[in-house]
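Please treat every number below as a calculation from the coordinates, not as lab data. All figures in this text were calculated on a predicted structure; none of them were measured in a lab. In this analysis, Cβ positions are derived from the backbone assuming ideal geometry, glycine residues included, and neighbour counts consider all displayed protein chains.
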């Protein structure tokens with residue numbers, strides 16, 4: 001298998017969120033020759049959507065995704081998702097990533113929560129399609145089923161895609177799905193049209209914090225070349241978006257060092 005193309009690396013701004021705002025991240029990507037960026041909406045709001053769009057365009061960056069819409073089991077989900085669609089459209093984002101939400105407060109009805117998610121995506125899909133914004137369902141690790149995402153496997157996400165039709169696909173985040181025994185099969189099932197985003201990092205052993213101790217590519221136990229092979233075999237030819245939450249390590253380092261390390265580790269995995 002050929003080594004990854006460095007031009008395909010994208011920076012999810014979570015990777016440098018402790019050190020940089022969005023304007024600094026845009027400048028950093030341009031300085032390091034990173035051609036893609038995926039902003040988080042809080043940083044986008046701080047910079048301003050139009051100013052961010054101008055800066056991203058001026059630096060020739062592709063917006064590989066906007067993080068995030070979703071949380072369809074929360075009370076204010078509809079207006080927030082409408083704003084997210086508008087922001088993704090303004091940026092020309094390749095997709096709006098959906099972290100779908102967990103159990104409603106006080107509930108133990110997991111099946112009901114999943115139905116709420118399906119109904120919520122169906123409700124915003126016409127607006128997203130009109131705006132030209134593909135929706136990328138991101139299955140999260142089962143440890144986050146109660147609080148953040150009740151869709152936990154790629155198979156579940158693709159079942160939703162089947163039910164909802166055009167305009168919906170998936171974001172494959174290796175941190176959340178690397179363990180799934182059906183992963184290869186479901187990536188193949190997704191195919192080129194529904195593989196909208198590919199997020200990379202690594203799973204450390206031991207993991208000191210299950211949310212905020214992601215590893216740099218190659219530092220953990222995820223077989224990244226194998227998963228990349230499955231993605232490419234299914235037709236995915238898009239960016240590899242590095243997304244590292246790391247309160248104990250990478251968020252404590254100089255952000256330029258982080259980007260340089262991302263580039264070097266990406267070349268090997």
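Between residue 119 and residue 263, the modelled labels are 5.0 nm apart [label points 7 Å from Cα along Cα→Cβ]. What do you get for Rg/Rh over the range 1-103 if you use C-alpha atoms and the Kirkwood form of Rh? For the range 1-103, the value is 1.01.
From helices alone, the chain scores -13500 deg cm²/dmol at 222 nm; the rule is -39500 (n - 2.57) for each run of n ≥ 4 DSSP H residues, then divide by the residue total. Relative to the 2.2 N^0.38 Å rule of thumb, the range 111-198 has a C-alpha radius of gyration ratio of 1.03. Simple spin-label estimate for residue 108 and residue 185 gives 3.1 nm between the two label positions (7 Å along the Cα-to-Cβ direction from each Cα). Relative contact order, whole percent, for the range 6-268 stands at 20, derived from Cα pairs under 8 Å and 6 or more residues apart. Dimensions of the range 1-58 based on its C-alpha atoms, expressed as ranges along the principal axes with the largest first, amount to 41, 24, 17 Å. Treating each Cα of the range 161-216 as one equal point scatterer and applying the Debye formula with no solvent, the log10 of I(q)/I(0) at q = 0.13 Å⁻¹ comes out as -0.41.
Can you tell me what the convex hull of the Cα atoms of the range 137-269 projects to on average, as an area in nm²?
Values: hull surface 32.5 nm².
Averaging across all directions leaves 8.1 nm² for the Cα convex hull.
Counted by neighbouring Cβ atoms within 10 Å, the residues 10, 107, 129, 246 run from fewest to most as 107, 129, 246, 10.
Springs join every pair of Cα atoms under 10 Å in this Gaussian network model of the chain, and among 63, 205, 117 the largest mean-square fluctuation is at 205. I want to verify a result. In a Gaussian network model of the chain, Cα cutoff 10 Å, which of these has the top mean-square fluctuation: 94, 144, 185? Of 94, 144, 185, the Gaussian network model singles out 185 as fluctuating most. So what does log10 I(q)/I(0) come out to for the chain at q = 0.08, 0.11, 0.15 Å⁻¹, using the Debye formula with one equal point on every Cα and no solvent? Values returned for q = 0.08, 0.11, 0.15 Å⁻¹ are -0.29, -0.56, -1.11. Ranking of 103, 110 by neighbouring Cβ atoms within 10 Å, starting from the fewest: 110, 103. In a GNM of the chain with a 10 Å cut-off on Cα contacts, which of 89, 32, 141 has the highest mean-square fluctuation? Comparing 89, 32, 141 in the GNM, the peak value goes to 32. Enter the Cα centre distance for the pair the range 12-38 and the range 144-197, rounded to the nearest angstrom. Computed from Cα coordinates, the inter-centre distance equals 26 Å.
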